[in-house]
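Working notes, structure below.
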Amino acid sequence: MTDRVIPLLDQRSVAAPRGLAATPTGLLGDQLGRPLRDLRISVTDRCNFRCSYCMPKEVFDKDHAYLPHADLLSFEEITRIARVFAAHGVRKIRLTGGEPLLRKNLEVLVAQLAALRTPEGEPLDLTLTTNGSLLARKARALREAGLQRVTVSLDGLDDVVFRRMNDVDFPVAEVLAGIDAAKAAGLGPIKVNMVVKRGTNEHEIIPMARHFRGTGIVLRFIEYMDVGATNGWRMDEVLPSAEVVRHIAQEWPLVPLEAAAPGETAQRWAYADGAGEVGVISSVTQAFCGDCNRARLSTEGKLYLCLFATQGHDLRALVRGGAADEELAGAIARIWEGRADRYSQLRGSLPADAGPGGRRVEMSYIGG
């Protein structure tokens, strides 16, 4: 039997445009008029979980070739790029991975990013997505460094189900302890994301909702997505968000809420009895490409314009090649202004590999 190998070169990129100086105005728009407001920064391609929908163990095994440390953007390089994005209109930065808390001394980067300001002098909304495994020991240092919020991935409360889904036998109790530590440290409001996979963990929907009701923690249910090329995605394993909402509403009546901000991915629902809210992220059955305002920066400096992209734009080459901030700003402007990505809206008419360029980038490489 031939081993499945996902080479690093599969995460292909194109050169970022050079020689295009620009002075950011904060009014950047793409081909569909969508502004640039959200930057998701992957700080590592490594993770200590092996969830089947993201980094399946048969692909990301002990022989998998991760990026060498020298290829990763330094904290100073990340901060410089983020500063230019803020000048272009970014208001929110989310640190992700892989598992971002595996990046050594991450609180140093958090402190650097927390010092950035918008053109109006306001701090950025600085948040982080984590599997929660290291959160109990890191939460206070991250908060003291300037992190504002965390989102924790948790796919069930049943320990047997959770250990099976993370595929490294990690206990759910330690993730729950991490959530408690984050709350105690003042990282909030906390969000908990549950990927729902039909036939695997849909029976955990109600226990999860019951556990987080009334706690001030916002639980969100995510449709199992066809990200990358290694998770064996099948449409029959997608549980539509509409069914999730129906399940919960049968237990506790729900009232729809307005989106908290333009470009928000989740549809929000409040418990009618005032016990908080839940959200659903329906990227498969109800595409939200129309107002997507997110860009993604990979751990070694490739800029991706869509979670389902097949290639990124190499910003690291500009940064390490001596480009001034004005040239970096010009490259980012040209890239975003040429953006027309709307994969989720077109999913039904596209081939499995999503058109020219071949295999899509892995979620573990650019974050969710």
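The values are calculated or read from the model by the stated rules, or taken from the named source; none is laboratory data. Bear in mind that the values here come from a model prediction, so they are computed numbers and not experimental data. Every residue, glycine among them, receives a Cβ derived from its backbone with ideal geometry; neighbour counts consider all protein chains shown.
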### Query
If you take just the helices (runs of 4 or more DSSP H) that sit entirely in segment 314-368, which of them hold at least 2 residues that are modelled with pLDDT of 95 or more?
316-320, 325-337
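Every residue, every condition in (1) modelled with pLDDT under 95; (2) hydrophobic (A, V, I, L, M, F, W, C); (3) farther than 25 Å from ASN201 by Cα; (4) out of contact with any strand residue (DSSP E or B) (no Cβ under 9 Å at 6 or more places or on another chain), yes or no:
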| residue | (1), (2), (3), (4) |
| --- | --- |
| LEU134 | no, yes, no, yes |
| GLY146 | no, no, yes, no |
| VAL152 | no, yes, no, no |
| VAL161 | yes, yes, no, yes |
| PRO171 | no, no, no, yes |
| ILE179 | no, yes, no, no |
| ALA184 | no, yes, yes, yes |
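With respect to LEU219, determine if the residue is touching a helix residue (DSSP H, G or I) at 6+ places or on another chain (Cβ under 6 Å), touching a residue at least 60 places away in the same chain (Cβ under 8 Å) and not basic (Lys, Arg). Give the derivation first.
Values: touching a helix residue (DSSP H, G or I) at 6+ places or on another chain (Cβ under 6 Å): yes; touching a residue at least 60 places away in the same chain (Cβ under 8 Å): yes; not basic (Lys, Arg): yes.
In short, yes.
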### Message
Restricting to segment 277-288, name every residue that is touching a helix residue (DSSP H, G or I) at 6+ places or on another chain (Cβ under 8 Å) and surrounded by 18 or more Cβ atoms within 10 Å (Cβ to Cβ).
### Response
VAL278, VAL280, ILE281, SER282, SER283, VAL284, PHE288
### Checklist (1) farther than 27 Å from LEU109 by Cβ; (2) buried (at least 19 other Cβ atoms within 10 Å of the Cβ) applied to PRO171, failing item
(2)
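Conditions tested, residue by residue: (1) modelled with pLDDT of 95 or more; (2) more than 29 Å from ALA182 (Cα to Cα); (3) surrounded by fewer than 21 Cβ atoms within 10 Å (Cβ to Cβ); (4) among the polar types (S, T, N, Q).
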| position | (1), (2), (3), (4) |
| --- | --- |
| ARG18 | no, yes, yes, no |
| ILE41 | yes, no, no, no |
| VAL59 | no, yes, yes, no |
| LEU72 | yes, no, no, no |
| THR127 | yes, no, yes, yes |
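Can you name the residue in segment 281-311 that is of a type in the set (A, V, I, L, M) and modelled with pLDDT of 95 or more and, of all such residues, is nearest to VAL218 (Cα to Cα)? Before the answer, list the steps.
Step one: list which residues in segment 281-311 are of a type in the set (A, V, I, L, M), which gives 281, 284, 287, 295, 297, 303, 305, 307, 309.
Next cut, modelled with pLDDT of 95 or more only: 295, 297, 303.
Details: ALA295: 24, LEU297: 26, LEU303: 29 Å.
So, considering only residues that are of a type in the set (A, V, I, L, M) and modelled with pLDDT of 95 or more, the one nearest to VAL218 (Cα to Cα) is ALA295.
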### Query
If you take the residues in segment 218-242 that are part of a helix (DSSP H, G or I) and modelled with pLDDT of 90 or more, which one is surrounded by the most Cβ atoms within 10 Å (Cβ to Cβ)?
SER241
